Every structure is written in C-alpha cells, then in structure tokens.
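Below is one structure, written out as structure tokens, with a few remarks after it.
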Amino acid sequence: MMKYISLLAFKRKTVGGYCEAAAAEWADRTFVQFEDETQTFREFHERSNRRAHWLLAQGLKKGDAIVLMMENRPEFIETFVAVGKIGAVVSNINTNLRDRQLVHSVKISQAKLAVVGTECAEAFAAAMAIEPVLAADRVFYDTRWEQLPNPPEGWQPIEPMLTGLPTESPPKIKLRSTDMLCYIFTSGTTGLPKAAKINHLRFASAGIGMGWYGMNIRSTDTVYCALPLYHSNGLLIAFGSALVNGASFAIARKLSVRRFWEDCVRFGATAFVYIGEVLRYLVNSPETPFDRAHKVTRCLGNGLRPDIWDLVKERFNIANIREFYAATEGNAFTLNLDGAHGSVGRIILKSSNNLVLARFDVEQEEIVRDENGFAIVCKSGESGELLGKIKATTPFLGYSDEKESKKKLLFDVFEKGDSYFRTGDLLKQDEAGNYYFVDRIGDTYRWKGENVSTNEVGEVLTSFPGMRLANVYGVQVPNADGRVGMAALSHDEGGDFDRDAFYRFVEEKLPAYARPAFLRVKKDMDLTGTFKFVKSELKKQGYDPKLVNEPLFVRNDVLMTYEALDEYTYEAIEVGMLRF
C-alpha cells in the first residue's frame, strides 16, 4: 500500500509523478466523477498521457506556457496534468473574463497555444478580435456541451487529434518540484488580473498540508468540488488533495446551491472545499431532504464568517470546519485544526514560523514605523497587516510580472537586510496564538476617528432576519474627513424589508461610527468568479441617485429609520444641509 511520505520526500514529487503513482496503486478504482461519467485512476492517467503526447506534437517543450480557458469538467484536469507531465506551464484563465481583461491575461502568459472549451469560445474569440495575441492556428477548441459549427478561421478541434495517440507516459524529462507548473490569476477586483506563479512543490504542499493534515483525506475519501478549477481553492486544494492522497474527485460544472447536497449524496462525497460566501448561500437556501443525508464529515476553505459558523455545522451536520488563511502567490499560511470559532487558525509547521502582525495606519494605508524606521509588532488583540518573512523554507514566488512582485515586498522591516511579503490583509491574534481575519487593506475605512472593518460590519448586517448578503464599503461625503459607511444589501424582501426594524437593529448592534449612513438594495450582488464582492464600481457610484438605478436609502436619526434617498436629499447632503 502507498503510505504517507515525509515532507522531504514529497518535495521531490511532481504532478505527473503523483498521477503515475496513483494509477499504479489504484488502477481500477474510481478517480474522476462528473455528471454521469466516471474515470478510474488508470483511465485518467492514460487520457492525460494522450494529451501530453498531443502537446509535444504541437512543439511544446519544458517551460513553455499554454492558455487553458474551460469550465469545470474532466478535460480541464486532464489538460492540466498533461502539461505538468511535459514540464510546461498552464495559464488558468478565469472563465468570467472578457475583452481587455481577457486579452491582458493571455498576453502576460506569453503562451504558445490556447486550449479553449467551446463554452468559452465566443468570449475568447471576441477578445482575440480586439488584439490577436495568439495566432488563430494556435487556438484549439475542446467540445463537450456546445458544438462549434462555425469556428473562427484557423481554430482547430482537439478531439480528432487525440485519436490513436499513445496512452503510455510521455518521455521522461528532468523535472524538479521547484519547476513552474501553472499561473493562477488574482480576481482583478483592484485592477487587471495578476498571474501568481505556482510550482509543482506548491501543488504537492496543498495536497499534503490542506488535504492530508487539514481534511484527513485518505484513499477511501471523495472530495467534492463546486468551485472553479481556475482558482487555487478548486485546483490546488480540492484537486490536489484528491490526486496527492489517492482519493476520488467529484466535480460540478458550476456551483448550484439547489443541487449542492444532492451532488454530495450522489457522488458519495466525504469532504469538500469552500469559499465563505458559498456556505452563506447554502445556509440561506430552502431546506432539502439532502441537507443531512450526505456522508460529508469535514470541509476546508476560507472566508467563512463567524455569524454562520455554527449554523453550517448544525444544519448540515458537519463535524469539522477547517478554516485557513493563505495567499495564492504568498508565503503566509495558517490552518484552524482546533475548531476555534471564527479563527483562521495558527502556524502549523515550526519551520514555517514566519508570520508577524505589523501595526498599520489605516488612514495613511502604510505600516507604522518607530523612530529607528522599523515596523512595530502588534500587541495581542490589536489588528495589523500580516507579513510573511521570506526565507528558504518560506519563499515568495510572486507574479509573472516582476514589477508587480516587487510591490508586494517590504525590506528592512524589523532589522536591516530582512524582507517580508505583504499580504494586504489586516488580522489580529489572541493570546493563544489563533489568528482572526479583520479586513482587506483598502476596505477598512476611517470615520469619526475610528477604524471601521467592512468585514465585521458585514457580519453584523447579515444577521438581520432575511438578510442574505451585505457588501460594506466607505464613501466620501462633503465637509467631512474620512469615509462614511454604505452597504449594498440583498434581502429576501428586496427593498420592502422593515427599515424601521433594521434601523433599530443597527443602533443596537453597531457603535455609532460603524452604522451605515447609506443603503443600496440589490437583487443580485456583484461577485467575482470566485465569489468575492466587487466594490470598485459601487464606490464610484456612491449614493448618487443619478448613477444608481436601484433603491437607495439614507439613515434618518430624527425619524429613526432608513428613508428613501432621492435627488432632493442628495442635493441637501452635497451642499452641507444634511450631515452625519
């Protein structure tokens, strides 16, 4: 039987190595489950080998990059592993990208060719029409659901090319675990997406650290993934946990709240990987017969807010929630193995003890330094920016763009010559060593001389009856320092929820400086493909009724309610007749 290997041993492993070893150990056991089809470990290995031989036939060699734009399906991971087997690099493109953002992502990949699912063909073709970064004859399309009766001139179908190719492994090459495996892109919420560099070691680390340690994944488990495979949680953690530990991997094409637990029952899932907002969707959804009929005993992810932590455990009968903190491109990692409510955990390995919280000035958005120019370590319970010291055991791989990488680094932080990775996140730590997420830098704003965490305010607002989502941000108002709070809300009753009751709730639950002055009610919340709130456009539009075509409300402390905000009220605020 394949046994757990030491940390030094797994550093010598590659994606292709894990695939080959799993096929040898569990050849006829089910590996991939998708819709109504299954693949054994042997079948997956052979299918990825065919794709590896096809890639070699296209002239791809070690270090070359390919673009992969495809929704969740077996062909995605077959292509991903195939590229890894020949030492090339996968550029995992967010399927929600369009136009210039998509052009940018393809361009910085410096890819030699593209593999595009036909479900993404229209978007990819439109982007290449804006700027043909890739020659048309280097674009290959993969059909499953949608046919492509009129493909752009030069595009070629992959399926006919795979027929008859060898199922044996491609020729062995010299490949180290520190060699590049893929690019995973940032969400692009604060600008154009950046390509974070991931090597084979990082993939293996996710499978061991998150899978073996975090979720206790073994070869008898089934990991369910409804997150996009272009994202680190879906690809590195969910898929990595399954492949590295020999578990079955069940894939959903897209997240479906209605079918989530039904899928878990159908596939026999014992664990899944989440993003916090996904669990909120599940908690807010109507009860189903599948809610507790599944075999899931643990889940792992990040971004779960404390207000629904116990609700998830109780409603869905999940014994273990493993919340973690990590940055795709960074060297900061914590994991909650103790079940501390609301915590992102602590440092697991002593060799990776590289984290420190530095005191941070929210208004100036910079690290606070003492008279000697060095950063100041936060006290217990004090929030600060989480920094990861760069050393041999905790390197910083960065982005494909070296200029963007340098923006994430700090030098001479606590002593001359040291260097740290900036997470861009505010956290705090209790006396027991547990870390707690506070907010993203830039999301926290200052009002009435106080720092306001949009994350913490959002947690409070979503505990109001019927409130599904709350996206909190700060907006500027005339004749005032700092930014006042505004919240985009999604409620079961739309704009007709009891605003008097909501006002009383806010008065009771939040300090005066943290109470939102403005509300914007949205039918559908703007989210990235990885379920993060989009705030940039909301901040630009602010509370101006000319720019917002959704219900707007303003806090009225005289009438003790949130009243409709019209153009007259807006003008009163602008000229200083109405202040906060």
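Highlighted here are the helices (runs of 4 or more DSSP H) found entirely within segment 29-119 that include at least 2 residues which are of a type in the set (Lys, Arg), touching a residue at least 12 places away in the same chain (Cβ under 8 Å) and over 19 Å from Ala135 (Cβ atoms): 41-57. Between Leu181, Leu229, Leu192, Leu236, the distinction of being under 29 Å from Lys407 (Cα atoms), assigned to a loop (DSSP other than H, G, I, E, B), in the same structural domain as Leu97 (by TED's automatic domain parsing) and modelled with pLDDT of 95 or more belongs to Leu229 only. Per the listing Glu35, Glu46, the residue uniquely crowded, with 17+ Cβ neighbours inside 10 Å, out of contact with any helix residue (DSSP H, G or I) (no Cβ under 6 Å at 6 or more places or on another chain) and modelled with pLDDT of 95 or more is Glu46.
The condition of being assigned to a loop (DSSP other than H, G, I, E, B) and under 23 Å from the mean Cα position of the chain (by Cα) holds for only one of Gly342, Gly373, Gly388, that being Gly342.
Looking at segment 427-542, what strands (runs of 3 or more DSSP E) fall wholly within it and have at least 3 residues that are at pLDDT 85 or above, of a type in the set (Gly, Ala, Ser) and under 26 Å from Val278 (Cβ atoms)?
484-491
Applying the condition of being β-branched (Val, Ile, Thr) and surrounded by 22 or more Cβ atoms within 10 Å (Cβ to Cβ) to segment 223-261 and asking which residue is nearest to Arg176 (Cα to Cα) yields Val244. Among the candidates Arg515, Arg468, Arg520, Arg483, single out the residue that is touching a His at 6+ places or on another chain (Cβ under 7 Å), charged (D, E, K, R) and closer than 22 Å to Asp443 by Cα. When all the criteria are applied, what remains is Arg468. If you go through segment 361-370 and keep only what is at pLDDT 95 or above and either among the charged types (D, E, K, R) or within 28 Å of the chain's Cα centre (by Cα) (or both), you end up with Ile367, Arg369, Asp370.
Do we find that Leu255 is among the aliphatic types (A, V, I, L, M) and either more than 16 Å from Val15 (Cβ to Cβ) or modelled with pLDDT of 95 or more (or both) in this structure? Answer is yes for this residue. Candidates Lys408, Lys428, Lys379, Lys389: the one that is out of contact with any helix residue (DSSP H, G or I) (no Cβ under 8 Å at 6 or more places or on another chain) and loosely packed, with under 15 Cβ neighbours inside 10 Å is Lys379.
The values are calculated or read from the model by the stated rules, or taken from the named source; none is laboratory data. Keep in mind it's a predicted model, so treat the numbers as computed, not measured. Here the Cβ is made from the backbone with ideal geometry for all residues, glycine too, and neighbour counts use every protein chain on show.
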